[in-house]
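Below: the structure, in structure tokens.
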Amino acid sequence: MRLLLIGAPGAGKGTQAERLAKRFGIAHICSGDLLRQHVKDQTSLGQTIESYMSNGDLVPDGVVMDMLRKPVVAAAAAGGYVLDGFPRTVEQAEASFPTAQALGVEVQAAVHLDVAREELVRRLLARRRGSDDTEAVIEHRLQVYLEKTVPLLEYYAGREWMFTVDGARPPDDVHEDILARLQKLSDFGTWTMQATLRLRAPGLGGRPDGLQDHVRHGTGSRDHGKVRRVHLGDAGVRGVGHG
Ligand code: AMP
């Protein structure tokens, strides 16, 4: 399963990405965390991007894409990823699409976490402890989101594989909503059911409803190559469909 989480700073991307990663046994790849680690380790990349990060600006596209390529490809090979923080602009989506498609690691669904600005500010101010974000930097990060990432949402709008959930609710509710929405996408019905079964019945033994056989024998769409292909940044055909 290959997912994107899109949302403003403070929308809960990290929290939801972590839960989805656990639920589906896929990797959580957070561009912000990887970049912050470079700054912390003072790698040459870290030194290059430090001022962008502390000002709340986006780092150059090439830097982020080069950094993500390896982990994304590795995660896709190992079962999937939930990508938190990338793409953040239309340019990033367009630029990464051909590579992702060529490698067969393109995204299958995108989740937009929608949270009102006042709530974002409240959360970001509350979480400021431990970070050196000033109020001005927080404001700037939200402005950058409006200017750069909202157009990405508009660019994706109307695509069947992208949906919006209300991110202002408690994390459990948001998580359940995301699962329910994923289940409605034909690609993911089987996946979400498998994850639910794994949680409810480790070992999958003894269910009278036959569902465990479905799982055990791998008749899900994932195993039979019937998964619809959807493409990041592809302005044209969205789904190749099930036959
Ligand atoms: P985040 O933790 O996702 O809010 O990201 C923290 C910071 O990392 C951002 O303010 C940017 O400076 C940088 N960053 C993370 N992801 C990207 C991206 N896809 N493109 C450019 N900069 C990014």
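Listed conditions (1) under 15 Å from the mean Cα position of the chain (by Cα); (2) within 14 Å of the ligand (Cβ to nearest atom); (3) within 29 Å of residue 170 (Cα to Cα) are all met by residue 2, apart from (2). Checking each residue in the range 5-26 for being away from the ligand (no atom under 15 Å from the Cβ), within 22 Å of residue 104 (Cβ to Cβ) and in contact with a helix residue (DSSP H, G or I) (Cβ under 6 Å, 6 or more places away or on another chain) picks out only 24.
Scanning the range 66-109 for residues that are more than 21 Å from residue 182 (Cβ to Cβ), within 10 Å of the ligand (Cβ to nearest atom) and at pLDDT 95 or above turns up 67, 68, 88, 89, 91, 92. Only a single item in (1) at pLDDT 95 or above; (2) surrounded by fewer than 16 Cβ atoms within 10 Å (Cβ to Cβ); (3) under 28 Å from residue 135 (Cβ atoms) is not met by residue 55, and it is number (1). The listed residues are 57, 61, 41, 33, and the only one of them that is at negative phi and more than 9 Å from the ligand (Cβ to nearest atom) turns out to be 41.
Going by the conditions given, is residue 92 assigned to a helix (DSSP H, G or I), crowded, with 22+ Cβ neighbours inside 10 Å and not β-branched (Val, Ile, Thr)?
The answer is yes for residue 92.
Scan the range 75-89 and report the pairs whose first residue is acidic (Asp, Glu) and whose second residue is at pLDDT 95 or above and not in a helix (DSSP H, G or I), with Cβ atoms within less than 7 Å and a gap of 6+ or a chain change. Final answer for the pair search is 84/5; 84/28; 84/29; 84/30. When 122, 128 are screened for being of a type outside the set (A, V, I, L, M, F, W, C), closer than 24 Å to residue 54 by Cβ and outside any helix (DSSP H, G or I), only 128 passes.
The values are calculated or read from the model by the stated rules, or taken from the named source; none is laboratory data. None of the values given here were measured: they were computed from a predicted structure. Heads up, the Cβs are rebuilt from the backbone with ideal geometry, glycines too, and the neighbour counts pull from every protein chain shown.
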